[in-house]
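Okay, so here's the structure we're looking at.
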Amino acid sequence: MRHATIMMGVLSAALLTSTPAWVQQAPAITSTTVELPSGDQLFPGGSDADAINNNCLACHSADMVLNQPALPKAAWESEVGKMIKTYRAPIDESDVPAIVDYLVKTKGKT
Amino acid sequence: MAHHQHDARTQALSRRTLLRTMGIAGLTLASSTAWADGSIRLPIAGEPRERPLTHEFPQKGDMILQRTRPPLLETPMEVFDRGVFTPNDRFYVRWHWAVIPTSVDAGSFRLTVRGHVNQMLSLSTDDLLKMPRVELAAVNQCSGNSRGFFSPRVPGAQWAHGAMGNARWTGVRLKDVLDRAGVKSGGIQVRFKGLDEPVVPEAPDFKKSLDIDHARDGEVMIAFAMNGEQLPLLNGFPLRLIVPGWYSTYWVKMLSDIEVLDRPDDNYWMATAYTIPDTLHANITPGQTGVKMVPISRMTPRSFVTNIADGASLPSGANADIRGIAFGGDTGVAKVEYSVDDGRTWQLATLGEDHGKYSFRRWQTNLPPLAKGGHSFMARCTNLAGDVQPAEPNWNNSGFMRNVIEPLHITTT
C-alpha cells in the first residue's frame, strides 16, 4: 500500500513538471475569426413586452430571462434593480413597473 | 480599445436604439430558434426545463443553449461518458459581457504584465512559446454548475451538471511570467483581465484576482493549448489562466492583462459577485441574513453517473455496468463508492487511470442483479483530503458549490 502511494506521488509530480521543449512540439497558434449568433430574438407577448424589449436586450439575449425559474415579485424587482444599479443598465425609471409586471405575469410565483 | 470591440459595443447599443425606434419590425420572436438541432429536457428542479440543442456556435458541436448572447453553452451529459477528457468542441462556454472580440490576431496579440513590478512586460504568444512549458490535466467547473437543481430556485444560469469539463492544458507557469517582470515587495495580489468588455462602458469590467502566493505556487498557469490544440475562441483563445482546483470564475479567458496589486482587489467581481457564505459547504437557510461572505475558491468532490440517465429501466436478473466520472475538487480522488440501499451500505467502485489530482477520474462497477422495482443508485466521491460528498444539498442565494450526492432513480423490470 505504501509502495502504491509513493508510486502515485511520483506520477502526479511527473504530470506537473515541465517537459524539455524538445520533447513537445510547439502547438500552432493561428489567428482566429468567428461569427457569433446575434441573439436578437424578442420577448414574446406583443405590446405587453414593449418595455422589456426596449430595456432588457442590450447586454444579453431574451433567453437569459426566459430560462429563469418562476420567482416572487420581490425577487424580480431586485433583479431589475440590480441591472440598473450594478450593471448600469440605461433604463427609464418610468418603464420599471411595466417590466416588473411582465416578469411577474410570465414568470411570477407567489 | 481594439476596433472590433468598438464595433461590438456600438452594435449592442444600437440594438437598443433600434428597438426603441423600430419596435419589433425586422426582429424575430424568441420562440423561433431556426438553427436548433431539436431540444433537450434538463432534469433540473422545475420549469422551464426545455433547452434548444445547437451547433450554431463557432468551433462547437452540439451544445445545450442556455443563453445566446453572450453565450452560455452547456455540455450534454453523454459527452462525459465517452472519455476522461472533454473534447474542445463540446467544452462548455460561459461569458459575462457581450463585447467579445470575434477576431484575434495571433501576431499582434500582447499580454501585458504591469502594476507593482520592476519591469512592465508586453508578451507575444511567440514569447510565451519560448518559455519553459508545462502541461496539466484539470477540471474547469463553473461556480454555479448544477444551479438548476437548487430548491428554492435562485436566479442565474439554470445549468444542469454540464457547466464543467476536463482538459489537458499546456502553457507556461504564471510564476515564471511574474518572475520575469519581477514582483516588487509589497505586491499582495495579482489581478487578471481578458479582452472582453462590458456593453456599457461604466459597468464593472470582468476582473479576477489571486493572492500573490497562490499566483506564484508554480501550478497556476497561462495556457495556450487545450487537449493539444489552440483554444477555441469561446474558451478563451489565445490565452487562458488555469487555476487548478479552483472554480472557473478565476480562469480568465482571452487573458490580456496581468496587474500586480499592492492592495486587496475590491472590484465588484471579487468583493460582491462570486462570494459565498463562510460556512460548511457554503450552506445557509433560505432567507438567512447577516452571514459573513467570502470569495469563492476551492472546488469540492463530485461524482456523476454518465452511462444511464435518471429514470432509466434496467432488465432484472442481469448484471448492469454502471460507470461515470468523479473529481476530488482541489485534490485527487481517493475513492468512489456506490449504494443501492439509500446510503445504508456502500461498495467500492473501480477507478480508472489517474491523470493527476486535478483531473476527472473515470469509475465503474458491475452491479449484481437488483430485485424488481424501483431503486436509487448513489455514487459518492471522497477526495485525498478525506472530504466526502454530503447527503444533503447545500443552499445559498447564488446557487454556488453544489456537491451533494446525486441519486439516480432506476427501475428494474
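The values are calculated or read from the model by the stated rules, or taken from the named source; none is laboratory data. As the structure is a computational prediction, the values presented were derived from the model and not from experiment. Neighbour counts are summed over all protein chains in view; Cβ atoms, including those assigned to glycine, are modelled from backbone coordinates with ideal geometry.
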Only one of (1) closer than 24 Å to B:Ile64 by Cβ; (2) in a loop (DSSP other than H, G, I, E, B) does not apply to A:Thr110, and that is (1)
Take the stretch B:155-205 and flag every residue that is within 30 Å of B:Glu47 (Cβ to Cβ), assigned to a loop (DSSP other than H, G, I, E, B) and under 18 Å from the mean Cα position of the chain (by Cα). B:Pro155, B:Gly156, B:Ala157, B:Gln158, B:Trp159, B:Ala160, B:His161, B:Gly162, B:Ala163
In the stretch A:60-95, anything more than 9 Å from chain B (Cβ to nearest Cβ) and acidic (Asp, Glu) is listed as A:Glu77, A:Asp92, A:Glu93, A:Asp95
Would you please name the residue that is surrounded by the most Cβ atoms within 10 Å (Cβ to Cβ), looking only at residues in the stretch A:76-102 that are in contact (Cβ under 8 Å) with a residue 12 or more places away in the chain and within 18 Å of B:Asn397 (Cβ to Cβ)? A:Trp76
Are any residues in the stretch B:14-42 assigned to a loop (DSSP other than H, G, I, E, B) and at pLDDT below 95, and if so, which ones? B:Gly23, B:Ile24, B:Ala25, B:Gly26, B:Leu27, B:Thr28, B:Ala30, B:Ser31, B:Ser32, B:Thr33, B:Ala34, B:Trp35
Tally the residues that are assigned to a loop (DSSP other than H, G, I, E, B) and either more than 9 Å from chain A (Cβ to nearest Cβ) or among the aromatic types (Phe, Trp, Tyr) (or both), restricting the search to the stretch B:132-150. 6
Given A:Pro44, A:Pro69, A:Pro37, A:Pro97, which one is part of a loop (DSSP other than H, G, I, E, B), over 19 Å from the mean Cα position of the chain (by Cα) and at pLDDT 95 or above? A:Pro44
Quick one: B:Ile64 ticks every box in (1) more than 8 Å from chain A (Cβ to nearest Cβ); (2) assigned to a loop (DSSP other than H, G, I, E, B) bar one, so which box is it? (2)
Flag if B:Thr412 is over 29 Å from the mean Cα position of the chain (by Cα), of a type in the set (S, T, N, Q) and modelled with pLDDT under 95: yes
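Can you spot a residue in the stretch B:45-61 that is within 28 Å of A:Ile29 (Cα to Cα), more than 9 Å from chain A (Cβ to nearest Cβ) and of a type in the set (Ser, Thr, Tyr)?
no
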Tabulated pairs, the stretch A:31-55, first within 19 Å of A:Glu77 (Cβ to Cβ) and facing chain B (nearest Cβ under 7 Å), second assigned to a helix (DSSP H, G or I) and at pLDDT 95 or above, C-beta under 7 angstrom, 6+ apart or interchain: A:Phe43/A:Ala49; A:Phe43/A:Ile52; A:Phe43/A:Asn53; A:Asn54/A:Asp95
Tell me the strands (runs of 3 or more DSSP E) entirely within the stretch B:294-413 that contain at least 2 residues that are out of contact with any Asp or Glu (no Cβ under 7 Å at 6 or more places or on another chain) and of a type in the set (A, V, I, L, M, F, W, C). B:320-327, B:333-339, B:361-367, B:373-383
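Mind telling me which of the residues B:Asp354, B:Asp387, B:Asp330 ends up being surrounded by fewer than 22 Cβ atoms within 10 Å (Cβ to Cβ), in contact (Cβ under 8 Å) with a residue 60 or more places away in the chain, within 14 Å of chain A (Cβ to nearest Cβ) and of a type outside the set (Lys, Arg)? Even if it seems obvious, please write down each step before you answer.
On the way: B:Asp354 fails: in contact (Cβ under 8 Å) with a residue 60 or more places away in the chain; B:Asp387 fails: within 14 Å of chain A (Cβ to nearest Cβ).
When all the criteria are applied, what remains is B:Asp330.
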Scan the stretch B:92-100 and tell me whether some residue there is surrounded by fewer than 16 Cβ atoms within 10 Å (Cβ to Cβ) and more than 30 Å from A:Gly108 (Cβ to Cβ). no
Residue selected from the stretch B:201-216 under the condition touching a Lys or Arg at 6+ places or on another chain (Cβ under 7 Å) and either over 27 Å from B:Gln119 (Cα atoms) or within 11 Å of chain A (Cβ to nearest Cβ) (or both), by the criterion surrounded by the most Cβ atoms within 10 Å (Cβ to Cβ): B:Ala203
Kindly establish whether B:Arg82 is surrounded by 23 or more Cβ atoms within 10 Å (Cβ to Cβ) and without any contact (Cβ under 8 Å) to a residue 40 or more places away in the chain. no
What number of residues within the stretch B:101-124 are within 12 Å of chain A (Cβ to nearest Cβ) and surrounded by fewer than 19 Cβ atoms within 10 Å (Cβ to Cβ)? 7
Those residues of the stretch B:168-199 that are more than 13 Å from every other protein chain (Cβ to nearest Cβ), more than 15 Å from B:Tyr250 (Cβ to Cβ) and out of contact with any helix residue (DSSP H, G or I) (no Cβ under 6 Å at 6 or more places or on another chain) come to a total of 10
Please work out which one of (1) crowded, with 16+ Cβ neighbours inside 10 Å; (2) within 30 Å of B:Arg153 (Cα to Cα); (3) touching a Ser or Thr at 6+ places or on another chain (Cβ under 7 Å) is the condition B:Val294 fails and give its number. (1)
